[in-house]
1. Please identify which residues in region 185-216 have an amide N closer than 18 Å to a label point set 7 Å out from the Cα of PHE43, following the Cα→Cβ vector.
2. With +1 on each Lys and Arg Cβ and -1 on each Asp and Glu Cβ, how big is the dipole of the chain about its Cα centre, in debye rounded to the nearest 20?
3. Give the residue list of GluC sites (Glu not before Pro) in region 46-112 that are DSSP loop and have at most 16 other beta-carbon atoms within 10 angstrom.
4. Measuring from centroid to centroid over Cα atoms, what is the spacing of region 71-142 and region 151-202 in Å?
5. Could I have the simple spin-label model distance between VAL75 and VAL181, label points 7 Å from Cα toward Cβ, reported in nm to one decimal?
6. On alpha-carbon atoms, Rg over Rh for region 119-237 using Kirkwood Rh?
7. Specify which labelled value, from [x] 46, 39, 36; [y] 71, 39, 37; [z] 50, 41, 38, agrees with Cα extents along the principal axes in Å derived from the coordinates of the model shown.
8. So if we plug the beta-carbon distance of LEU168 and SER199 into 1/(1 + (r/R0)^6) with R0 = 22 Å, what FRET efficiency do we get, rounded to 0.05?
Amino acid sequence: MKKTLLIMAALCTAGLGLRAQDAEPASSYSVTVDFTYGNKYVFRGVQLAKDTLFPSVEVSAGPITAGVWSAQPIVDNIDNEIDFYVGYGADLSDSWAIDVGACLYYYPELDTSGGADSSTFEPYVGVSGSVGGFSPGAYLYYDTTLEVITIEGSVGYSVALEPAGASLDFSAALGRADPDVGSSMTYYSLGVAVPFAISDSGTITVGLNYTHNNLPGGDGYGKNSNFYGTIGVAIGF
């Protein structure tokens, strides 16, 4: 749900000279608009829907990031989901950083007549870093509405494909969700993505993912394992 955005500062020139006082100040914030399609919507190892669109908008200003992300299934009449999130990041060292924030999961079409919650609130804290070319991370989430604690560790590795203006990004994650009532669940995921730069501010990303959970009887589709693909375009300004 989160993308890296590079903003290029505009420079004003006069004649053949370029002077520092002619340069416009760099923008103090950045915006990324992302539109992704996935043939499945899988969240923490559990399939929630089939063919789904994932539009999002994210704004970053210094250490603060906020955004709106949504899942809009286009088959099977599955309810839409809209997530509102905000986070604050700070460096712990040259290679490690801490991230704290919260996410509000909102389901505007959910039938709440049976007592279901149309929204849940989940604060989180995590650390991420760079070690020998790898990008490890560990996060702790607590959904205060559903009373579920989730711990997830992840690692990433990227190989530059410079002639193509792309990279080959590998990722793996292992997590455990522990509800206050009910059985715990362990899940893991493996993924590979190839982002292609189509301009200074635009990227197309194609990804393949495999996930597995240990739910008895599987998820809502009766599956413990899922293999799915995504394709999306992100534009920054």
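1. From region 185-216, the list is 185-189, 211-215.
2. Working: 8 positive and 25 negative charges, 116 e Å.
Here the size comes out at about 560 debye.
3. On the way: sites: GLU58, GLU81, GLU109; in loops: GLU109.
When the GluC sites (Glu not before Pro) of region 46-112 are filtered for loop state and at most 16 Cβ neighbours within 10 Å, GLU109 remain.
4. Region 71-142 and region 151-202 have Cα centres spaced 14 Å from each other.
5. According to this spin-label approximation, the distance is 3.5 nm.
6. Numbers: Rg = 17.0 Å, Rh = 16.4 Å.
That ratio equals 1.03.
7. Step by step, Cα extents along the principal axes in Å for this structure corresponds to label [y].
8. Details: r = 20 Å, r/R0 = 0.93.
E between LEU168 and SER199, to the nearest 0.05, is 0.60.
Computed from the coordinates by the stated procedures, all read-outs in this text should not be read as laboratory data. Values in this document were obtained by computation on a predicted structure and should not be read as measured data. So basically every Cβ, Gly included, is an ideal-geometry build from the backbone, and we count neighbours across all protein chains shown.
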